[in-house]
Amino acid sequence: MRLDYLTIFPDFFAPLDLSLPGKAADKGLVEFHVHDLRGHSHDKHHRVDDTPYGGGAGMVMKPEPWGEAFDALGVDAGTTVVFTTPSGEPFDQRLAADLATRGRIVFACGRYEGIDQRVIDHAGERAEVREISLGDYVLNGGEVAALAITEAVVRLLPGFMGNAASLVEESHAEGGLLEYPVYTKPPQWRGHDVPAVLRSGDHGKVAAWRHEQAVRRTAERRPDLLHPSQLDDGTPIVRAT
Ligand code: ADE
């Protein structure tokens with residue numbers, strides 16, 4: 001997979017060399033290319049924004065630098081262009097898994113009040129376009145969102161995870177429950193004990209306890225993820241395992 005980032009703040013992407021994404025690049029699973037959008041602005045101050053038609057507060061990103069950048073990157077029908085924006089579709093694990101199947105993604109990171117709509121329309125004529133929001137809050141720009149999406153996608157690439165089971169069991173995996181609480185040694189710490197069932201060696205009981213905990217946690221924190229039948233007067237119904 002090849003990932004490109006178009007931004008006026010290339011330094012935001014230094015963390016791509018670290019941690020999980022860096023490991024994926026070292027394994028040859030992914031390539032990262034970061035591009036300064038200002039390199040495609042040709043007035044003397046390398047401006048990328050201008051005042052909005054119709055008036056209103058703030059500045060809008062001009063179309064020309066984006067168009068030239070798409071040309072330079074060879075954005076085509078085999079490319080997915082992701083515009084990170086608070087008005088996009090919500091990002092979730094399902095969308096991460098979908099994006100993990102793409103061969104090439106170009107992240108277009110907007111700033112200010114957004115990007116001239118014609119840039120998105122034009123990109124849609126030459127590539128697949130997804131407008132994606134990280135959540136219902138406003139960041140100063142799309143860079144942090146692009147990094148978060150990258151990390152969620154790259155760890156799903158085949159060959160990335162040593163232990164594929166941990167992908168299946170984690171929160172938001174297929175099944176839709178939040179993950180159960182986890183414990184490690186020591187068995188007692190500052191007056192808190194590891195639940196006895198986890199030390200019982202009874203795998204059936206461990207699985208049942210984990211499932212019950214996952215349902216309880218989901219009911220408390222994210223009832224929207226549960227089917228109504230799993231919410232009976234606030235008490236989670238525990239499926240038999
Ligand atoms: N840019 C600004 N806010 C954002 C958000 N919530 N998600 C994605 N990109 C953004």
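The values are calculated or read from the model by the stated rules, or taken from the named source; none is laboratory data. Treat the numbers as computed from the prediction; the structure is a model and nothing was measured. Every residue, glycine as well, gets a Cβ built from its backbone with ideal geometry; the counts of neighbours run over all protein chains shown.
Among residues of region 74-90 that are over 23 Å from ASP136 (Cβ atoms), those with a beta-carbon under 8 Å from a residue that is loosely packed, with under 12 Cβ neighbours inside 10 Å at least six positions away or on a different chain give the pairs GLY78/GLY103. For the criterion of being more than 13 Å from the chain's Cα centre (by Cα) and within 14 Å of the ligand (Cβ to nearest atom), LEU167 fails.
Within region 5-52, being of a type in the set (Asp, Glu), surrounded by fewer than 13 Cβ atoms within 10 Å (Cβ to Cβ) and outside any helix (DSSP H, G or I) holds for GLU31, ASP43.
Residue check: is THR101 modelled with pLDDT of 95 or more, assigned to a loop (DSSP other than H, G, I, E, B) and away from the ligand (no atom under 11 Å from the Cβ)?
Numbers: modelled with pLDDT of 95 or more: yes; assigned to a loop (DSSP other than H, G, I, E, B): yes; away from the ligand (no atom under 11 Å from the Cβ): yes.
Considered against the rule, which asks whether it is modelled with pLDDT of 95 or more, assigned to a loop (DSSP other than H, G, I, E, B) and away from the ligand (no atom under 11 Å from the Cβ), THR101 comes out as yes.
For region 119-146, the candidate set comprises residues that are part of a helix (DSSP H, G or I) and more than 11 Å from the ligand (Cβ to nearest atom); within that set, the residue that is surrounded by the fewest Cβ atoms within 10 Å (Cβ to Cβ) is GLU125.
So for region 203-213 (the condition being of a type in the set (D, E, K, R) and within 16 Å of the ligand (Cβ to nearest atom)), does at least one residue qualify? Steps first, answer last, please.
Step one: of region 203-213, the residues of a type in the set (D, E, K, R) are 205, 210, 212.
Those still in the list that are within 16 Å of the ligand (Cβ to nearest atom) too: none.
Looking for residues that are of a type in the set (D, E, K, R) and within 16 Å of the ligand (Cβ to nearest atom), one finds none in region 203-213, hence no.
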